[in-house]
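Written below as structure tokens is the structure these notes are about.
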Amino acid sequence: MSDETDNVEPAAAPTEEPSTTGEIDRLERLVREERSAREEREQALLVHIIGIIDGLGRLERAADREHLDESATRILDRFKLIRRRAENLIEKEGVQKINSLGLPVNPELHHVIDTRIDPESGVDTIVEVEEDGYLFAGGVLRPATVIIAAAETSNAQSTDDGPDAGEED
């Protein structure tokens, strides 16, 4: 009995190296694009986790203003534990919280949403952090949302800027 498969040559192994510089460049570009896409997915996931951390923080702050019974306090403690675990998770992934309170505003790190007169703080000093900001992989993952100190305005100054301002009748 003759087996026809004996006469068939095996196919060439697909492990041949690229033969041209253009092919090598194309493969390197594909690797860079895949790496970039993976980093973008990772950052998007981290931003979503940060959103969950923010929500849990708002829940905690709202509950701290209420008088809670023992059962509600136990539930709140569980939410606090979940928030701390999520914070530890993103920290292990290399995410760093931006320290902002009491520091001068930095447009690269902070998004200013309001100003407040605060005689104890210098102008453009952060007096409240509405949402924490985060750094990741050498860049800003999310800027901190902040309120800054404004200069105190004097009531002695005229607010009339019309053409007759400062003229006596």
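The values are calculated or read from the model by the stated rules, or taken from the named source; none is laboratory data. Computed from a predicted structure; not experimentally measured. So basically every Cβ, Gly included, is an ideal-geometry build from the backbone, and we count neighbours across all protein chains shown.
A few notes on this one:
- Selected residue [farther than 26 Å from Arg83 by Cα and touching a Pro at 6+ places or on another chain (Cβ under 9 Å)] from Asp124, Asp118: Asp124
- Selection status of Arg78, surrounded by fewer than 17 Cβ atoms within 10 Å (Cβ to Cβ), under 15 Å from Ile50 (Cα atoms), over 17 Å from the mean Cα position of the chain (by Cα) and in the same structural domain as Ile52 (by TED's automatic domain parsing): no
- Answer from Ala72, Ala63 - the residue that is in contact with a helix residue (DSSP H, G or I) (Cβ under 7 Å, 6 or more places away or on another chain) and either outside the structural domain of Gly138 (by TED's automatic domain parsing) or basic (Lys, Arg) (or both): Ala63
- Qualifying residues in the range 82-118 (those that are over 20 Å from Leu46 (Cβ atoms) and of a type in the set (A, V, I, L, M, F, W, C)) - the one surrounded by the most Cβ atoms within 10 Å (Cβ to Cβ): Val105
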